[in-house]
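Heads up: the structure comes next, in C-alpha cells.
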C-alpha cells in the first residue's frame, strides 16, 4: 500500500496507467478526485469508496499558479510499487526506468563507460597541457581549457547515473542527488553554449582585427568574460533548481535515463504545461540567440576571408576556424534535429527521445578534445613530446643528459656510505 497526499489535481500519468482528472463537489467546495483507468488501483472501479473514506479536516488553499481551490486529502493506492510512505510534496528517492525495456543493457552501459573514459582522458589531457605550459596561456588556449572543463562536467552529470543503472544495476537515486545531477547537467549545457559563443568571438576578433587582437582580448578581460558566463549559468540554474524543488511529486519514478528538468516535471503531480515556459525561454536563448550570434560571426568571417588577397591566406584562415566549426556542429546539430522533428509534427517515442538526449550530451564532449588535440598545432606538438621517448628529440636528450649528470653529482657524496 502506498500513502499519497495530493496538493494539485490535474492530469497525471503513471508508468502504465493514465489517471484522469475530474472535479467532484464536496461541501460546496471543489476537491480533486482521481479516477484511475488501470485495474490495479484499489478503487479503480469503486468510486463510491472514495466518499466513504474519512478525509479528516479539509484544508482549502488558493493556488495562485492554477487559480483553483484544491483540497488536501489522503488516499490509498495499490499501484504495484513497493510499500513506501511519502507525500505529494516530497519523495526520498527516484527510480530510473528509462532503460527497463532494453535487452542489451550491459552492452550499452559498456559503450557509455568507454565514451566517458575517453572524454575524461581527452579533456583532462588538454587541461594538463595548457595549464602546465605557460606559452599556451593565451586567450585561445584558455578558452579551449574552459571548454574542456565544461565537457567533463557536462558528461559526468549523466554518465555516472547511466553507468550506475546499466552496469551496477542500481536504479535508485536519492532526491537531492537527482536535483544535483539535474543542475549540473543543465549548467553544463548552458556553459557549453556560452563557451562556444566566446570562442566565436575570439576567432572574429583574431581574424577581423589581427593587429589589435592582443590589445583587445587580453587574459584579464577573458577571465572576466569566462567568469560572467559562469555567473549567468549559475543564476539560471538557481531558478531551475528552485522550480524543480517546489514541485509536488506523487510518483518516485523517472521514466527517462537520467535526471533533467523535463523528467522531473513529468514525475510531479502537476499539469506540466505551465512549467514548459522556463525550458522554452532557455531554448530560445541557447538555440536562438547564441546560435544566431555564432552564425553572424561566421558571416563576418566569410566577408573578411573573401577580401583577402591570395588563396594561401584564405586557407590559413579556414584552418584556424575548422576546429570551431566542427565543435559547433556537434553541439547544435542534435538540438536542431530535435527542434525540427517537433516542429514538423514527428512524435518520438521514449527510446528515440532518450537516444537523442544521450547523443546530444556525449557526442560534443567526445569530439571536442579529439579535434583540438589533432588540429591545434601547439597542443599536438606538446602531446607528441610527452608520448614519444626523449631519444627521438635531440633537445630532450640533451636535457635528459644534463639531468642525469645533476643527479649523479647529488648521489656521489652518498655513495661512499652505501
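The values are calculated or read from the model by the stated rules, or taken from the named source; none is laboratory data. Everything quoted here is computed from the prediction, not taken from an experiment. Note that each Cβ is placed from the backbone with ideal geometry, even for glycine, and that neighbours are counted across all protein chains shown.
Evaluating residue 317 against the criteria (1) closer than 22 Å to residue 375 by Cα; (2) surrounded by fewer than 16 Cβ atoms within 10 Å (Cβ to Cβ); (3) in contact (Cβ under 8 Å) with a residue 60 or more places away in the chain leaves one unmet condition, (2). Residue 290 passes every criterion in (1) farther than 16 Å from residue 173 by Cα; (2) touching a strand residue (DSSP E or B) at 6+ places or on another chain (Cβ under 6 Å); (3) not in a loop (DSSP other than H, G, I, E, B) apart from (2).
Residues of the stretch 154-183 that are crowded, with 18+ Cβ neighbours inside 10 Å and free of Cβ contacts under 8 Å to residues at least 60 places away in the same chain: 156, 183. Select, from 328, 322, the only residue that is surrounded by fewer than 13 Cβ atoms within 10 Å (Cβ to Cβ), assigned to a helix (DSSP H, G or I) and in contact (Cβ under 8 Å) with a residue 12 or more places away in the chain. Within the list 328, 322, the selection yields 322. Tallying residues that are without any contact (Cβ under 8 Å) to a residue 12 or more places away in the chain and assigned to a helix (DSSP H, G or I) within the stretch 331-347 yields 5.
Contact map, the stretch 348-362: first residue assigned by TED's automatic domain parsing to the domain that holds residue 188, second residue in a helix (DSSP H, G or I) and at pLDDT 90 or above, Cβ cut-off under 6 Å, separation 6 or more or different chains; pairs are 361/158; 362/115. For residue 281, indicate whether it is modelled with pLDDT under 90, surrounded by fewer than 20 Cβ atoms within 10 Å (Cβ to Cβ), over 24 Å from residue 358 (Cβ atoms) and out of contact with any strand residue (DSSP E or B) (no Cβ under 9 Å at 6 or more places or on another chain). Spelling it out, residue 281 is indeed modelled with pLDDT under 90, surrounded by fewer than 20 Cβ atoms within 10 Å (Cβ to Cβ), over 24 Å from residue 358 (Cβ atoms) and out of contact with any strand residue (DSSP E or B) (no Cβ under 9 Å at 6 or more places or on another chain).
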